[in-house]
Amino acid sequence: MTYAALTGWGMYVPERVLSNADLERIVDTSDEWIVQRTGIRERRIAGPGETSATMGVRAARQALDRAGVDPRDIDILVVATSTPDQLMPSAACVVQTELGAVRAGPMDVNAACSGFAYGLAVGTQFVRSGTSKTVLVIGTDTLSRFLNYQDRGTCILFGDGAGAVVLQATDEPTGVLSIDLGAIPNTGEMLEIPGGGSAHPASPETLDQKLHYMTMQGREVFKHAVRAMGESTLKVIADAGLTPDQVSLLIPHQANIRIIDAMAKRLELPMHQVFVNIDRYGNTSAASIPIAMCEAQEAGLLKRGDHLAITAFGGGLTWGSALIRWSV
Ligand code: UT7
């Protein structure tokens with residue numbers, strides 16, 4: 001049997017901090033409301049010239065350095081993003097050029113905030129099937145460029161960033177042990193960026209109607225997220241032949257502290273076994289889990305052999321979870 005060991009991890013967040021106090025000056029909101037209802041205190045915003053691809057490259061270089069992998073040895077390069085630099089070419093093609101990953105097959109995967117779980121699933125399959133030896137998976141999003149800073153229901157939630165992992169073939173039973181992906185039919189309109197695609201190509205009308213901005217039915221998405229992430233996490237734990245008490249760390253997508261609390265209760269995990277950094281970054285979409293993975297490792301919360309559960313939920317409405325045995 002071949003497994004996909006997770007041998008490198010890296011992250012990047014832009015320098016510019018947008019605090020709740022800053023948002024109070026832009027839109028009718030308060031630090032108190034944002035902290036109580038979401039757990040967010042500040043988020044990072046991409047600077048001029050920064051894009052999903054440039055941030056992804058920064059995260060990827062760190063991950064490759066850690067793994068000791070030369071970019072020329074990457075076989076497959078997966079970029080999970082719903083905010084590529086442009087519709088064509090893919091963000092992965094831009095990253096490939098920047099990194100000098102000349103042999104890599106580049107592809108984007110779009111599952112919005114669940115994207116990293118999907119990218120990890122795709123990358124793992126390439127390795128486990130014997131097709132590829134080395135895969136780079138990046139989760140990166142620049143949602144600040146698609147937010148309406150007059151809509152307090154969305155603009156306070158999201159931040160920009162990128163995270164990356166390197167997967168390498170091994171005989172040892174490690175890396176992703178089980179995966180669960182899915183989506184709830186007929187919920188696309190609950191969280192969407194309607195304009196700029198083939199349904200509503202960019203035009204003066206789409207601009208007038210603000211179709212290039214994200215819209216969300218927050219309360220509905222919240223309810224679906226709690227249920228889907230809870231069920232999906234229990235499924236990947238069971239599919240890996242484990243029980244929740246054998247999971248040493250849960251990394252949930254960082255969308256709302258109240259969703260994260262509900263997840264912890266559902267799995268009966270004490271909060272010190274649930275990773276939280278939403279206070280500093282807000283919701284970074286496809287980047288939230290790989291960024292959290294890096295910070296959890298840095299904090300000494302992930303040791304070789306530990307069982308880590310990741311779970312995410314987002315536009316689609318998609319969900320994605322995985323049970324990972326930490327490899328290094
Ligand atoms: O990663 C992708 C998945 N996304 C998510 O998982 C997000 C899920 N949803 C959420 O996190 C929450 O639904 C929100 C944080 C978006 C909203 O929190 P909520 O507790 O569901 O609030 P609500 O939408 O039910 O609104 C409650 C009140 C409303 O006022 P009234 O009608 O009760 O007077 C809103 O207008 O809070 C008001 N409100 C705000 N007030 C101050 C909504 N946003 C704000 C705001 N500041 N930013």
Residue check: is residue 78 under 19 Å from residue 113 (Cα atoms), surrounded by 15 or more Cβ atoms within 10 Å (Cβ to Cβ) and away from the ligand (no atom under 16 Å from the Cβ)?
-> yes
Restricting the search to the stretch 221-273, which residues are assigned to a helix (DSSP H, G or I), β-branched (Val, Ile, Thr) and within 16 Å of the ligand (Cβ to nearest atom)?
-> 221, 226, 233, 257, 259, 260
Residues of the stretch 91-111 classified as touching a strand residue (DSSP E or B) at 6+ places or on another chain (Cβ under 7 Å) and either outside any helix (DSSP H, G or I) or within 16 Å of the ligand (Cβ to nearest atom) (or both), total | 8
Which one of these is free of Cβ contacts under 8 Å to residues at least 60 places away in the same chain and closer than 13 Å to residue 138 by Cα: 16, 61, 25?
-> 61
Considering only residues of the stretch 122-161 that are within 16 Å of the ligand (Cβ to nearest atom) and closer than 21 Å to residue 96 by Cα, which is nearest to the chain's Cα centre (by Cα)?
-> 139
Condition broken by residue 132, with the remaining ones in (1) without any contact (Cβ under 8 Å) to a residue 60 or more places away in the chain; (2) assigned by TED's automatic domain parsing to the domain that holds residue 320 satisfied | (2)
Filter the stretch 113-145 down to residues that are aliphatic (A, V, I, L, M) and under 25 Å from residue 48 (Cβ atoms), then give me how many there are.
-> 2
Can you tell me which residue among 12, 3 is under 30 Å from residue 222 (Cα atoms), crowded, with 18+ Cβ neighbours inside 10 Å and among the aromatic types (Phe, Trp, Tyr)?
-> 12
Check 193, 179, 184, 156 and return the single one that is β-branched (Val, Ile, Thr) and closer than 24 Å to residue 88 by Cβ.
-> 193
With respect to the numbered conditions (1) away from the ligand (no atom under 15 Å from the Cβ); (2) touching a Lys or Arg at 6+ places or on another chain (Cβ under 6 Å); (3) among the charged types (D, E, K, R), which one is the sole condition not fulfilled by residue 172?
-> (2)
Tally, over the stretch 82-121, of residues that are more than 18 Å from the chain's Cα centre (by Cα) and either assigned by TED's automatic domain parsing to the domain that holds residue 182 or among the hydrophobic types (A, V, I, L, M, F, W, C) (or both) | 8
Take the stretch 292-316 and flag every residue that is outside any loop (DSSP other than H, G, I, E, B), within 16 Å of the ligand (Cβ to nearest atom) and either hydroxyl-bearing (Ser, Thr, Tyr) or over 18 Å from residue 176 (Cβ atoms) (or both).
-> 311, 313, 314
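The values are calculated or read from the model by the stated rules, or taken from the named source; none is laboratory data. All figures in this text were calculated on a predicted structure; none of them were measured in a lab. Neighbour counts run over all protein chains shown; Cβ positions are idealised from the backbone, glycine included.
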